[in-house]
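Each remark here refers to the structure printed beneath this line.
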Amino acid sequence: MKKLLLTLMALVLLLSSLALPMSAEAVTEIQFWTWRPEDTNFYEKVIAQFEEANPTIKVTINAIKNTEYNTILSAALAGDSAPDVFMSRAYGGLQTFADSGYMLALDDLMPELKEFSEATRMGATSITDGKIYGVPAVSQTMLCFYNKKVYEELGLEVPKTWDQFIANLQACKDAGYDALANGTKEGWCCEFLFGGAGASQYSGNDFYNKVVAGETTFEDPIFVSAVNDMLSLTPFMPNMYEGVAYTDMQASFINEMSAHFVGGSYEAGYFKAENPELDFDIFPVPGKTEADPAYVSVYADMNFAIAASSKKQDAALAFVKFLATPEFGAQVVNELAMVSSIPGVDVSANPFIAKVLELQKNNTPYLFLVGFRYNQPTGSSLFQAAAQGMMAKQLTAEEVCKQVQEGIATYYVPFQK
Amino acid sequence: MRSKHMKKAAWIAFFVTPGLLVVFVFILMPLFMSMFNSLFGWNQLIRLDFSGLDNFRKLFGSYPYQERFTNALGNNVKWFVMTMVLQNLAGLLFGYVLSKRIAGSQVYRRIFFIPVLFSIVAVGFLWGLYLRPNGMVNALLGAAGLEQYQSAWLGNASTATYAIILVNIWRWLGFPSLVFMTAIDNVPAECTEAAYLDGANEWQLFTKVVFPLIIPSVTIITVLTIIGSLNVFEQVYTMAGLDGAPNYATDTIGTLFYRTAFGSVDSGAPEIGVGSAISVVIYLMTFAISLLSIGITRSKEVEL
Amino acid sequence: MTTDMRFRFASGPKKAFIVLMQVAMVSYILLILYPLFNMIMSSFKSTRDIMRFPFSLPDAFSFDNYLTVWVDKGFGLYFLNSFLYTAVSMAFVVLLGSMAAYGVSRYVFKASTLLYMLFLSGIMLPLKAAVIPLFQIVKGLGIMDNPLSVIMVFIAMGIPSTVFILSGFMKTIPLALEHAAKIDGCSDLRIYSQIVMPICMPAVALVSIYNAVPIWNEFFFPLVFLQNDKFKTLPVGLSSFIGQHSTKWDLLFTGLCIAIIPMLILYLFMSKYFIKGMTAGAVK
């Protein structure tokens, strides 16, 4: 017994000795954190390019599971053990760390950020002090994917009005497909279903600008009717759609069991990778008449930020500047199939992204994520829960809107007049 | 006499201190520090001034915390009741027949514990697959002609929590089975033989002789179930996410606490003050109820 | 004796009881073996096939996934790390936990209930909740990004339930045994190690499995405290297969199969301690 204990202690000591820091070298090491383990290979390639151009800097990447990322980053920032460069969420997610003083303001350090578009900058700017705290990386667009083979087979055309959209769905259903792959088991799936299908129905920017200023509420009839329109999609969703999870939705579309998938532009990379033979394309879900603009909900997604407590700010800045170059942006487009926020990126090599950019001409902010995720209860959480209830036929659209309105009004000043 | 006292104290210290030290530094201190946070106001992750019981008032008085908390607590009660009744009673029965060498017990006792060995993540994934609308559970129901019972299980507000509880019971049933089996094995044969010779039948043997002698293991299982039901988090997190989907039907005070204190990817910013207040409430409730049940069962213990 | 479960000699109602129990237990066995079988079969499939045909047998039994996971993804190293951390932690959990259980249950003193509840407090809140203060403590102790941090946290996580379960078992040991040993001149330490612990072997085995599994499968704390790749554990490796918008189900299932093997072996090893014979002689 004693011998066992001694051996174990020796092992423990041996292990800890492995952790002794290396002797100081001329190379500066910086830590880079991301919440996308699926993109590690891509970032390692990019890091290799950066290290070649900057031999005195070494970047170590640490990919943390998306759902634990915020918690672990908070602990590291609060515990003064922060990574030098980290991926930061946009809007409300950024606000948390910016207000707590954990992020470095980049206004003066990176004048090139002024070239970025207003919309992308909004995701990296603090609403408290107006400074920009990160380099916007990508923007995501909510639209409708469709299976081209099915459309050819059934002689369908890209719909220009809501009724045509419904008719297409009906035709697919009659032919035996799941017309729409979407399910509602996970709350955020309801939110992006609405972001994709509802934006045109509530007239995009007209409503958004008014509601953010407090000139109208979520109980405005046009919004209620948009929510009702989402409810009207349920006959076209898979059997027992309340139990269909996000992975199931993706699998259904990838395996050509369903004809449409309303979701984010970021799906394209995964679809292509899982089923290279899948022939898909996109269209914006249209409004009621052909004259109405077909809106797509857009939001800025990631920012590359520098920790205020980083001891290697110069190296971190060099890396972040690299992540703001059009060359990096082009790689994001071509390898990750995401829309880069960097201005001046050449998208000619990727027709899918070029098309998304086309659709973005009629962009409206992704309602709850952009405008109402700064306090608890966030607009997103209220809408997700209520929408799930509605899709399960437990609530009406009016009740959903009422719940969302009342919840947000508890803290949103323009609603409290 | 004095030195005997001191010697005893020294022995107690010797045995207890190392463990207590580790638990104190790595668990109790962080937990108390985080509960202490509930007495302050917060701006995002930065602590502001002392605010007394403000956060508690917010928790019990304001929307949405109040209704979320009551809803979540209700679910925890469902967890406790179902687990006590289904899991622990079945565990007791299984433990009894296994102890009495029912046919096949050698095989059963080895296999029953296997679900405990799966990681929670594996359990969540596998059962998530089986409970899908086109998954195995619905397929079996269809094959057995019971289509009317087919449902979206995890997506259906009325069945979601129960489905998750049942999965958790599936996972843990082997544990009380083995604990009770071991405990019943340890009942000295003389006691049961004496009672048998006095003319007791099996039911009386069990209730009057065996059960009183295994009360310590009943305490263990009961208290672990109470603590487990109030603390349940991982299983719900894996199968239904942090927000208690669908529409808060699967929410528990554990998930409510975690997403309030840390925010969640979808539902946003952390509210550390209120979150810590929730943790204080959870801790106090768990402590009080455990103490109570230990007190009750201790009074029923029979010394050998 | 009436309490045996032999079917042939049982009375009518007893027969029904036995049948009911057998049906219940066999159903449970099937419900256990099927997911295990399913998990193993899925590890041989591609992600698409797992989603499309989750219940069918794989097309081919290629070990490509296993090679990818073990070699390319570095799971060989993670496995070793997991094994080391779990073994070291468990040794101390059993040692410190049983000592504390002995101290709290075999001595009668005023503070015993308080101490007992203090230990139990360790499992009354998920430790995940206190990650920020814990992070600061670990940093303060200088063991950040060091396996020691994770090992200490694991030991701390395992002790409360060990104290709780073992003190329950230790209470059932008659004090007469201890008195006899004391008369023979045994020190308290010897009583603990040579009398009480051997009797508690079934409980120790139970407690070992009960704690080894969560420690082995724990992914959160290694994710928080170990950033250097050479220290990472198996579950952390598994979490890297779960992306924000896509999951590598094939590699995930393969990893899960690899992960469950040591636990199965440990359990089969421990299960011989659950046998009656070991304790029967002790009372005498």
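Give me the lysines in straight-line cross-link reach of A:LYS402: C-alpha distance below 30 Å, same-chain residues under 8 apart excluded.
By straight Cα distance, A:LYS402 reaches A:LYS185, A:LYS210, A:LYS288, A:LYS393, A:LYS417, B:LYS58, B:LYS78.
How do A:214-221, A:261-268, A:352-359 rank on mean C-beta neighbours within 10 Å, highest first?
A:261-268, A:352-359, A:214-221
Residue by residue through the stretch A:269-285, what is 3J(HN,Hα) from phi via Karplus (6.51 cos²θ - 1.76 cosθ + 1.60, θ = phi - 60°)? Round to whole Hz and write x for glycine and proline.
x, 5, 4, 4, 5, 6, 9, x, 8, 5, 9, 10, 8, 10, 8, x, 5
Summarise the partner chain shielding of C:225-232 as one whole number: the mean count of Cβ atoms from other chains within 10 Å of each residue's Cβ. Intermediate values should be presented prior to the final figure.
Details: counts 3, 2, 9, 4, 3, 2, 3, 1.
Per-residue shielding by partner chains comes out at 3.
Using the charge dipole of the protein assembly as shown (Lys, Arg: +1 at Cβ; Asp, Glu: -1 at Cβ; taken about the Cα centre), state which of C:LEU251, C:GLY103, B:ALA90 has its Cα farthest towards the positive end.
Going by the Cα projections, it comes out as C:GLY103.
Take each complete run of DSSP H in chain C, measure how far its Cα atoms stretch along the helix's own axis, and keep only those covering 27 Å or more with mean Kyte-Doolittle hydropathy at least 1.6; list them.
On the way: long enough: C:12-42 (45 Å, 1.41); C:75-106 (44 Å, 1.28); C:147-171 (35 Å, 1.72); C:249-271 (32 Å, 1.97).
Span-like helices in chain C: C:147-171, C:249-271.
For n ≥ 4 DSSP H runs only, could you compute -39500 (n - 2.57) per run for chain C, divide by its residues and tell me the 222 nm figure to the nearest 500? It would help to have the intermediate numbers written out before the result.
Values: 13 runs with 186 residues, N = 284.
About -21000 deg cm²/dmol.
I'd like to verify something in chain B: which complete DSSP H helices, judged by Cα projection on the helix axis, reach 27 Å or more and average at least 1.0 on the Kyte-Doolittle scale?
B:272-300
Quick check: pseudo-label points 7 Å beyond the Cα along Cα→Cβ at C:VAL23 and B:LYS8, how many nm apart are they?
It works out to 5.6 nm between the two label points.
How many angstrom separate the Cα center of the stretch C:30-68 from the Cα center of the stretch B:28-99?
Measuring centre to centre over Cα atoms gives 38 Å.
Mind listing which trypsin sites (Lys or Arg not before Pro) in the stretch C:1-83 are in a DSSP loop and have 14 or fewer other Cβ atoms within 10 Å? Display every interim value, and only then the final one.
On the way: sites: C:ARG6, C:ARG8, C:LYS14, C:LYS15, C:LYS45, C:ARG48, C:ARG52, C:LYS73; in loops: C:ARG6, C:ARG8, C:LYS45, C:LYS73.
Of the trypsin sites (Lys or Arg not before Pro), the ones in loops of the stretch C:1-83 whose Cβ has at most 14 other Cβ atoms within 10 Å are C:ARG6, C:ARG8.
Please give the per residue accessible area of chain C, computed with a probe of 1.4 Å over protein heavy atoms only, in Å².
39 Å²
If I build a Gaussian network model for chain A, linking alpha-carbon pairs within less than 10 angstrom, which residue out of A:SER381, A:SER232, A:SER200 has the largest mean-square fluctuation?
For chain A, modelled as a Gaussian network with Cα springs under 10 Å, the answer is A:SER232.
Once amide H atoms are built 1.01 Å from N in the peptide plane, which residues 5 or more positions from A:ASP279, or in another chain, come under 5 Å H to H?
A:LYS148, A:LYS149
Taking only Cα atoms and a 10 Å spring cutoff, compute GNM fluctuations for chain C and point out the largest among C:ILE183, C:ILE173, C:ILE260.
Looking only at C:ILE183, C:ILE173, C:ILE260, the largest GNM fluctuation is found for C:ILE183.
Taking the Cα centre of the stretch B:140-230 as origin and charging only Cβ (+1 Lys, Arg; -1 Asp, Glu), how large is the dipole, in debye to the nearest 20? Write out the running numbers ahead of the final one.
Working: 2 positive and 6 negative charges, 83 e Å.
That gives the stretch B:140-230 a dipole magnitude of about 400 debye.
Need one number: buried accessible surface between chains A and B, 1.4 Å probe, both sides summed, DNA, RNA and ligands left out, in Å² to 100.
Summing both chains' loss of accessible area gives about 2900 Å².
Put +1 on the Cβ of each Lys and Arg and -1 on the Cβ of each Asp and Glu in the stretch C:68-279; which of C:PHE221, C:MET170, C:PHE92 then has its Cα farthest toward the positive end of the dipole?
Of the listed residues, the answer is C:MET170.
Whenever you get a sec, compute what percent of the accessible area on the stretch B:62-303 sits on carbon and sulfur atoms (1.4 Å probe).
Reported share for carbon and sulfur atoms: 67 percent.
Over the heavy atoms of B:VAL77, what accessible area does a 1.4 Å probe trace out, to the nearest 10 Å²?
Accessible surface of B:VAL77 is approximately 80 Å².
Please say if the protein assembly as shown is rounded, prolate or oblate, where rounded means a/c under 1.5 for a ≥ b ≥ c the square roots of the C-alpha gyration tensor eigenvalues, and otherwise the choice is prolate for a/b larger than b/c and oblate otherwise? Numbers along the way, then the final one.
Values: a/c = 1.92, a/b = 1.52, b/c = 1.26.
Verdict is prolate for the protein assembly as shown.
Counting Lys and Arg as +1 and Asp and Glu as -1, each charge on the Cβ, what is the dipole of the protein assembly as shown about the Cα centre in debye, to the nearest 20?
With Lys and Arg at +1 and Asp and Glu at -1, about 5000 debye.
Roughly what angle does helix A:397-409 make with the longest principal axis of chain A, taking Cα atoms, 0 to 90 degrees, to the nearest 10?
40 degrees
Indicate, rounded to the nearest 5 percent, the antiparallel portion of the DSSP beta bridges found entirely in the protein assembly as shown. Write down the numbers at each step before the final one.
Working: 28 of 42 bridges.
Here the antiparallel bridges make up roughly 65 percent for the protein assembly as shown.
Using a 1.4 angstrom probe on the protein heavy atoms only, could you order B:ARG2, B:ARG171 from most to least accessible area?
Values: B:ARG2 185, B:ARG171 15 Å².
Descending accessible area places them as B:ARG2, B:ARG171.
Output the peptides A:93-100, B:100-107 sorted from most to least packed, where packing is the average of other Cβ atoms within 10 Å over each peptide's residues.
Per-residue mean Cβ counts within 10 Å order the peptides as A:93-100, B:100-107.
For helix A:2-18, report the angle its Cα long axis makes with the longest principal axis of the Cα atoms of chain A; keep it between 0 and 90° and round to the nearest 10°.
Relative to chain A, helix A:2-18 is tipped by roughly 80 degrees.
Taking only Cα atoms, what is the 0 to 90° angle, nearest 10, from helix A:313-322's long axis to the longest principal axis of chain A?
For A:313-322 against chain A, the angle is about 40 degrees.
Points 7 angstrom from Cα along the Cβ direction at A:GLU51 and B:GLU67: gap in nanometres?
5.4 nm
At 222 nm, what value in deg cm²/dmol follows for chain B if DSSP H runs of at least 4 each add -39500 (n - 2.57) and the sum is divided by all its residues, to the nearest 500? Present the calculation step by step, with values, prior to reporting the outcome.
Working: 16 runs with 194 residues, N = 304.
The helix-only estimate for chain B comes to -20000 deg cm²/dmol at 222 nm.
Report, as an integer, the average count of C-beta atoms from other chains found within 10 Å of each Cβ along C:20-28.
Partner Cβ neighbours, averaged per residue: 5.
Counting only other chains, and only Cβ atoms inside 10 Å, what mean value do you get across the residues of C:48-56? Don't skip to the end; give the middle numbers.
Numbers: counts 5, 1, 3, 9, 5, 1, 8, 5, 0.
So the per-residue partner count for this stretch is 4.
Order B:HIS5, C:HIS179, most accessible first, counting only protein heavy atoms with a 1.4 angstrom probe.
The ranking, largest first, comes out as B:HIS5, C:HIS179.
When the label point is put 7 Å from the Cα of B:ALA195 along its Cα-to-beta-carbon vector, which residues of the stretch C:1-37 have a backbone N closer than 19 Å?
Counting only backbone N, you get C:1-6, C:14.
What dipole magnitude, in Debye to the nearest 20, does the stretch A:252-368 give about its Cα centre under +1 on Lys/Arg Cβ and -1 on Asp/Glu Cβ?
Here the size comes out at about 600 debye.
The values are calculated or read from the model by the stated rules, or taken from the named source; none is laboratory data. Given the structure is predicted, the values throughout are model-derived calculations rather than measurements. Don't worry about glycine lacking a Cβ; one is built from the backbone with ideal geometry, like all the others, and counts go over all protein chains shown. The accessibility values were calculated without ligands, DNA or RNA, using every heavy atom of the protein model including side chains. Shrake-Rupley method; radii C 1.70, N 1.55, O 1.52, S 1.80 Å.
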